[in-house]
Each structure stands twice: as structure tokens, then as C-alpha cells.
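Enquirer: Following this message is one structure expressed as C-alpha cells.
The values are calculated or read from the model by the stated rules, or taken from the named source; none is laboratory data. Since this is a predicted model, take the numbers as computed values, not measurements. Positions of Cβ are generated from backbone atoms using ideal geometry, with glycine treated the same way; all protein chains shown enter the neighbour counts. Just so you know, the surface numbers come from the protein's heavy atoms only, side chains and all, with ligands and any DNA or RNA stripped out. Shrake-Rupley method; radii C 1.70, N 1.55, O 1.52, S 1.80 Å.
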Amino acid sequence: MAENSFKYVIVGGGVAAGYAAREFTKQGVKSGELAIISKEGVAPYERPALSKAYLFPEGTARLPGFHVCVGSGGERLLPEWYTEKGISLILNTEIVKADLASKTLISAAGETFKYQILIVATGSTVIRLTDFGVEGADAKNIFYLREIDDADKLVEAIKTKKNGKALIVGGGYIGLELSAALRMNNIDVCMVYPEPWCMPRLFTAGIASFYESYYANKGIDIIKGTVAVGFGKNENGEVVDVKLKDGRVIEADIVVVGVGGRPLTTLVKGQVEEEKGGIKTDAFFKTSSPDVYAVGDVATFPLKLFNEQRRVEHVDHARKSAEQAVKAIFASEQGTSIEEYDYLPYFYSRAFDLSWQFYGDNVGETVLFGDNSPTSETHKFGTYWIKDGKVVGVFLESGTPEENKAIAKLARVQPLVNNLDQLAAEGLAFASNI
């Protein structure tokens, strides 16, 4: 097969690839220099839409509506944009081998791609129950959500199983957002997770109790402290029920599994330094291998604010790390320098009429403020995290744009706090006065 040669190659066609492409054009990339190689069949899009508006019964999101970079208020990059800019968007192409020494990539179909500079933006893959040999986990209508094809299959099942029963395995991001989306489609929903409360990696018990009660009031059944150990099928191979470890059997025509992801680093394994499950990079997303950068989910980078190496799985970091890497590539070529990456960890979610944001780090003592009653009219409440006498993290539900900006500023400034009771009494006003 013919060899394809490019100055720059991005492997992966997700959010990071799209934002990197936009930055390449800002930096003056020439026509024919850049290629994006993606195993997906569509141009880069804002992945968070898949667990939100893509599944809504009304006001539904569909491509081309949410191609990057609309998620951050930027221009929407349609497939023709890449053509106009002279960027080769190579879709439905999975890279299965990377030889960093010879700067060569090989696709599943046997095509060879040469590069001078490589950006690894392969993202994550979902953890599947079939990986653990769970009985019946190969049944039809058991879904995972990572790519647009996954979302299309779930949309079809929602239509086919109208007013049916869904069981959600997992109480994290995907579990909470998809439970809400399915309930909005008049599906009976049951959530199952082993932890004592939902979103345990971020939420405190106090935060979680609000969401669990709110979801229960919406008719969502929550079963905690157990896991799915098997799935029953009918003669067509479709799932009909879920067996739980505690002995219960729950009827279900749709199962959605959201039990986490794994960064896709296998392509470069053994050829770059790794740390904390990701590819180790510097503050410019340069790896230990010359001319190879890694961005988004796969990168373990210096988190300057907290003086540690960290890997962050979030769309905000995918966007910003991609832009930083491209700026660093051009600065290196031009013999100039740029600022080190100085990221403020940020997470958010939207479900039903709820919307929360979190900034900083969730370590240390916590102070809950506001009204976290699930029947509250405003449901405006939040939590501060305090470590070594400083506020290092803050969570806010139903904040205004101004309030969300205030909590972001607070998390970066890390003000000193002497009295936690006084902080609880001040509540959101403390952030607004920083």
C-alpha cells in the first residue's frame, strides 16, 4: 500500500484532535502538513453531548450541531472546514501499531503513515463487563457510551422499548446523566452501584444525598452496596433481567453500563515513560520520546497548582491540553517559549434542571453551605474543601455564571480560612467576596 507522509499527525479524532486542529490553523499550519487519523466515522465532535441532549426526547442534539468547537463557544468545525484548511481528516482508520523510532504508524488495514511530529490523542475506552467474564454480559441491549455509534444504538433501543425498564450499572457521571436522560424518555429507571453514595470520587455524603433524593423524587430507584453479577436473556438473546450480588433479580429491557474508562496508551507502550496509568509529559505535553506529544485523557502532566503529576479525564482538559501542545510545537520550531500549563481542575454536569460545577481539589475537611434539601425551590448549595488552612476546592449546584466564575477564582487563589463555622455561615458570599 502507498505510504502517506505528513509533517504533523494527530492519532485520535475526539475533542482534543478538533481543538488541536483549530490551534494548528491559528499558528499558521500549511496546507497538506497536518493529518488527523480517527477510527470514528465523523469529524471531531463535543463528546459530552452524547450523555445529555443527544438522548433528550425534545430539543435533541444531532450532528452537525455539536462538532467542535461549539462546546466552548467557538466556531463549529464542519468536515468541509478541514478540507478548506488543507487538513487531511482520515476517518474510519484505526492505528494499530506505532514505531516511534522510525516515526511510522500502521493502520488495521495495513496502511503506513509517516510523520515528523506526533500528537497522541487516543482518549479512553470504556470498561466492559465482558472483560470480567460476567455471565450474560454479551446479551443484546446492554449498552456502553463512548462514541456516537454507541449513542445511536441507545437512541434506537429507547424508541423500540418505549415505556420500558432500564437498569443503569454504575453511579458516576454516566450513571447519573443517563438515568436522567432515560427517565425523561418515560423509561422506568433503576440505578445499581456498590459504593455507599453516588459519584464517590468527587461527591461527599452531603452532596450525594441531595442528588439521590432528587433522583428518587423523579421516580428513579437506587440500589446501593451491590453489583450486577449476571444477565438473563430471552430466546432472541436480548437482556430481560439483571442478577445482583445480594440475590435480587431486577427486570430490564435496557441496561447501560458506566463503570469507568481506561486511557488508550497501548499504542506507545514501552516506547515512552508512563506514570499513574498515563503517558508522562512535561508542562508542554512533550513525552520522553522525541517529537511525540500526548494530550487529553492519556497524559499524566505536572499539575502546577497542586505540585504533583496528575492524569485528568475531562473535556475541559482535553481542549486546553491540545491547544497547549500545539502552541509548544510551534514555539519550539520558532525558537520562542510559552508559559507552562497551569491547569485548574474543573468538572461539571447537567441533568434534569440541575447543573453543578466543581473547581480545584477535593481533599481535606469539608464545609457544606446553602440549602441541599431535594425539595428546595432554588436547590442552590455547595461545599468547600479546606486543606492546611486554605480553601483548595469548591462545588456549587445551580450557580449563576457570575457565581461559577467566583468559585473558579476562589479555587485558584486558595484563600486562608480560620473558622470553618464562620465559612459555613458565610456560604457562597465567601467566594463572591474574593
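Enquirer: Within segment 165-187, find all residues whose amide N lies under 18 Å from a label point positioned 7 Å from the Cα of Lys140 along Cα-to-beta-carbon.
Expert: Label zone hits: 165-167.
Enquirer: Ordered by residue, what ³J(HN,Hα) values in Hz, to whole numbers, does segment 262-275 give under the Karplus form 6.51 cos²θ - 1.76 cosθ + 1.60, where θ = phi - 60° and Gly and Pro are x?
Expert: 10, x, 8, 10, 4, 4, 10, 4, x, 10, 9, 6, 10, 7
Enquirer: Provide the per residue accessible area, probe 1.4 Å, for the chain, rounded to a whole number of square angstrom.
Expert: Accessible surface, normalised per residue, equals 43 Å².
Enquirer: Given N residues in segment 261-320, what is its alpha carbon radius of gyration divided by 2.2 N^0.38 Å?
Expert: It is 1.02.
Enquirer: Counting each pair of different Cα atoms once, what's the Kirkwood radius of segment 353-432 in Å, rounded to one decimal?
Expert: Result for segment 353-432, one decimal place: 12.4 Å.
Enquirer: Apply the a/c threshold of 1.5 to the C-alpha gyration tensor of segment 129-259 and tell me whether it is rounded, prolate or oblate.
Expert: Verdict is prolate for segment 129-259.
Enquirer: Less than 20 Å from a label point 7 Å out along the Cα-to-Cβ axis of Lys387: which backbone N atoms in segment 302-326 qualify, by residue?
Expert: The answer is 302-314, 317.
Enquirer: Counting only protein heavy atoms and a 1.4 Å probe, tell me what percentage of segment 129-259's accessible area is made up of carbon and sulfur.
Expert: Roughly 48 percent of what the probe reaches on segment 129-259 is carbon or sulfur.
Enquirer: If you take the charge dipole of the chain about its Cα centre, with +1 on Lys and Arg Cβ and -1 on Asp and Glu Cβ, which of Ala101, Gly18, Ile127 is farthest toward its positive end?
Expert: Positive-end residue among those listed: Ala101.
Enquirer: First compute the accessible area of segment 1-126 with a 1.4 Å probe, then give the percent of it belonging to carbon and sulfur atoms.
Expert: Whole-percent figure for carbon plus sulfur exposure: 48.
Enquirer: Relative contact order of segment 129-259: what whole-number percent is it, with Cα pairs under 8 angstrom and at least 6 residues apart?
Expert: Averaging sequence separation for qualifying contacts and normalising by length gives 34 percent for segment 129-259.
Enquirer: Further question on the same structure: In whole Hz, with x marking every Gly and Pro, tabulate ³J(HN,Hα) for segment 144-155 from phi via Karplus 6.51 cos²θ - 1.76 cosθ + 1.60, θ = phi - 60°.
Expert: 10, 10, 9, 10, 5, 4, 4, 5, 4, 5, 5, 4
Enquirer: Let me ask something additional. Taking θ = phi - 60°, what integer Hz values does the Karplus form 6.51 cos²θ - 1.76 cosθ + 1.60 yield along segment 352-360, in sequence order, with x for Gly and Pro?
Expert: Karplus-based 3J(HN,Hα) across segment 352-360 equals 6, 9, 9, 7, 10, 9, 9, 10, x Hz.
Enquirer: Within segment 164-302, count lysine pairs with alpha carbon atoms under 21 angstrom apart where the residues are 8 or more positions apart or belong to different chains.
Expert: 12
Enquirer: If R0 is 35 Å, what FRET efficiency do you get for Asn418 and Glu275 from their C-beta distance, rounded to 0.05?
Expert: My answer for the efficiency is 0.45.
Enquirer: Which distance in nm do the two modelled labels at Val70 and Ser288 give, with both placed 7 Å along the Cα-to-Cβ direction?
Expert: 4.2
Enquirer: Ignoring ligands, DNA and RNA, what percent of the 1.4 Å accessible area of segment 353-432 is carbon and sulfur?
Expert: Carbon and sulfur together cover 48 percent of it.
Enquirer: Amide H of Gly123: which non-local residues (sequence gap of 5 or more, or other chain) have their own amide H closer than 5 Å, using H built in the peptide plane?
Expert: Leu264, Asp297, Val298
Enquirer: Related question: At 222 nm, what value in deg cm²/dmol follows for the chain if DSSP H runs of at least 4 each add -39500 (n - 2.57) and the sum is divided by all its residues, to the nearest 500?
Expert: Taken over the chain, the calculation gives -7000 deg cm²/dmol.
Enquirer: Which shape class applies to segment 76-168: rounded if a/c is under 1.5, otherwise prolate when a/b exceeds b/c and oblate if not, where a ≥ b ≥ c are the square roots of the Cα gyration tensor eigenvalues?
Expert: The shape class here is oblate.
Enquirer: Average projected area of the Cα convex hull of the chain, in nm²?
Expert: So the mean shadow area of the Cα hull is 22.4 nm².
Enquirer: In nm, give the distance between the simple-model label positions of Ala108 and Thr60, each being 7 Å from the Cα along the Cα-to-Cβ direction.
Expert: 2.7
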